[in-house]
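S.K.: One structure follows; several queries about it will come next.
The values are calculated or read from the model by the stated rules, or taken from the named source; none is laboratory data. If you're wondering where the values come from, they're calculated on a predicted model, not measured in any experiment. Glycine gets a Cβ as well: all are built from the backbone with ideal geometry, and neighbour counts include every protein chain shown.
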């Protein structure tokens with residue numbers, strides 16, 4: 001948590017990102033551990049803060065999702081919605097006829113999923129072993 005203060009992401013922005021991550025990768029769901037269980041948002045912020053303007057872009061990205069429901073007449077901010085409504089809202093974007101909405105939800109999923117599946121705790125759950133493919137290729141060439 002010390003690093004988050006150093007990067008001044010802000011509590012509200014952090015909540016937006018955590019709600020998004022939890023809606024996409026729920027804790028205790030089929031992909032256990034979930035986003036909150038591994039501290040996905042903190043790890044994402046840590047990685048993004050390496051690049052000078054990326055943290056600002058992440059803040060804008062988060063706030064765009066916060067206000068997105070208002071743009072589509074939901075009359076609530078994203079973080080004010082119940083988790084079930086958040087999930088329905090994101091699913092509506094995924095099934096939208098507007099290609100730009102589908103692209104944005106896929107971009108959002110890609111950002112969070114890349115961070116999620118890059119964690120050693122998750123590797124254990126899905127049976128991934130770093131270097132296994134490379135070693136198999138090396139062994140195959142020797143034969």
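S.K.: Step by step: first the residues of region 102-143, then only those that are in a loop (DSSP other than H, G, I, E, B) and more than 30 Å from residue 78 (Cβ to Cβ), then the one that is farthest from the chain's Cα centre (by Cα). Which residue is that?
M.R.: 143
S.K.: Right, residue 20: in a helix (DSSP H, G or I) and surrounded by 15 or more Cβ atoms within 10 Å (Cβ to Cβ) or not? Lay out the reasoning, then the answer.
M.R.: On the way: in a helix (DSSP H, G or I): yes; surrounded by 15 or more Cβ atoms within 10 Å (Cβ to Cβ): yes.
So residue 20 fits the description; yes.
S.K.: Right, here's the next one. Which of the residues belonging to region 73-91 are loosely packed, with under 14 Cβ neighbours inside 10 Å and either touching a residue at least 12 places away in the same chain (Cβ under 8 Å) or touching a strand residue (DSSP E or B) at 6+ places or on another chain (Cβ under 7 Å) (or both)?
M.R.: 83, the sole residue that qualifies.
S.K.: Determine whether residue 33 is crowded, with 16+ Cβ neighbours inside 10 Å, under 28 Å from residue 126 (Cβ atoms) and in contact (Cβ under 8 Å) with a residue 60 or more places away in the chain. Outline the logic, then answer.
M.R.: Values: crowded, with 16+ Cβ neighbours inside 10 Å: yes; under 28 Å from residue 126 (Cβ atoms): yes; in contact (Cβ under 8 Å) with a residue 60 or more places away in the chain: yes.
For residue 33, the condition - crowded, with 16+ Cβ neighbours inside 10 Å, under 28 Å from residue 126 (Cβ atoms) and in contact (Cβ under 8 Å) with a residue 60 or more places away in the chain - is met.
S.K.: Does residue 107 qualify as being surrounded by 12 or more Cβ atoms within 10 Å (Cβ to Cβ) and either within 17 Å of residue 19 (Cα to Cα) or out of contact with any strand residue (DSSP E or B) (no Cβ under 6 Å at 6 or more places or on another chain) (or both)? Write out each step before concluding.
M.R.: On the way: surrounded by 12 or more Cβ atoms within 10 Å (Cβ to Cβ): no; either within 17 Å of residue 19 (Cα to Cα) or out of contact with any strand residue (DSSP E or B) (no Cβ under 6 Å at 6 or more places or on another chain) (or both): yes.
Here the answer is no, as residue 107 does not meet what is asked.
S.K.: Right, another one. Would you please name the residue that is modelled with the highest pLDDT, looking only at residues in region 30-59 that are part of a loop (DSSP other than H, G, I, E, B), over 20 Å from residue 106 (Cα atoms) and within 15 Å of the chain's Cα centre (by Cα)?
M.R.: Here is the first cut: in region 30-59, the residues part of a loop (DSSP other than H, G, I, E, B) are 30-34, 39, 49-53.
The next check asks that each one be over 20 Å from residue 106 (Cα atoms); those that pass are 32-33, 39, 49-53.
Those left that are additionally within 15 Å of the chain's Cα centre (by Cα): 32-33, 39.
Numbers: 32: 77, 33: 88, 39: 94.
Ranking the qualifying residues of region 30-59, first place goes to 39.
S.K.: Can you tell me which residue in region 62-72 is surrounded by the most Cβ atoms within 10 Å (Cβ to Cβ), limited to those that are closer than 27 Å to residue 49 by Cα and without any contact (Cβ under 8 Å) to a residue 40 or more places away in the chain?
M.R.: So the first thing to find is which residues in region 62-72 are closer than 27 Å to residue 49 by Cα, and the list is 62-68.
Applying the additional criterion that residues be without any contact (Cβ under 8 Å) to a residue 40 or more places away in the chain yields 64, 67-68.
Details: 64: 14, 67: 11, 68: 17.
Result: 68.
S.K.: If we keep just the residues of region 70-101 that are over 19 Å from the mean Cα position of the chain (by Cα) and in a helix (DSSP H, G or I), which is nearest to residue 11 (Cα to Cα)?
M.R.: 70
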